[in-house]
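Remarks on the structure that follows.
Values in this text are rule-based calculations from the coordinates and carry no lab data. Please read these numbers as outputs of a predicted model, since none were measured by experiment. Counting neighbours? That spans all protein chains shown, and the Cβs are built from the backbone with ideal geometry, glycine included.
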């Protein structure tokens with residue numbers, strides 16, 4: 001059986017941390033900040049909000065996702081989402097409105113969007129030209145039948 005004196009000398013207190021080995025001289029330039037003293041109340045519940053004396057400002061960010069999509073036919077639509085909640089879906093918009101909005105937001109957004117809309121405009125113009133040629137052929141065929 002051990003004596004009470006032996007148990008006291010062989011046990012280490014569990015609440016006191018072991019001392020860290022001394023840091024090398026090269027690491028002193030990049031010293032880590034010491035952990036802050038806990039400001040929790042003794043009741044065990046953590047306090048809400050910023051700790052007293054904190055100069056940090058809390059910034060509330062709002063994230064909105066605006067999706068603008070278009071088809072080769074020139075039909076554009078916009079959808080707006082906040083988090084996982086849809087605020088608006090399938091709203092029809094014009095290509096001119098999309099271009100103006102992109103220019104208002106940022107020049108880096110406007111250039112690629114204008115390129116995409118320009119390519120769609122060229123495809124639409126080619127389709128119009130093909131339809132006009134087809135219409136002209138149909139008019140000629142109709143004129144031949146009527147004579």
Cα Rg, Dmax (largest Cα-Cα span) when computed across the stretch 64-146, Å: 18.8, 64
Highest to lowest packing among 134-145, 114-125, scored as the average C-beta count within 10 Å: 114-125, 134-145
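Using 0.36 nm times the number of residues separating residue 132 and residue 80, minus their current alpha carbon distance, what extension gain do you get?
Numbers: separation 52, 0.36 × 52 = 18.72 nm, distance 3.82 nm.
Answer, rounded to one decimal: 14.9 nm.
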Contact order normalised by residue count of the stretch 64-146, Cα under 8 Å, 6+ apart, percent: 20
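At 0.36 nm per residue, minus the direct Cα-Cα distance, what do residue 122 and residue 101 gain on full extension? Give it in nm, one decimal, please.
Numbers: separation 21, 0.36 × 21 = 7.56 nm, distance 2.12 nm.
Extra length from residue 122 to residue 101 when fully extended: 5.4 nm.
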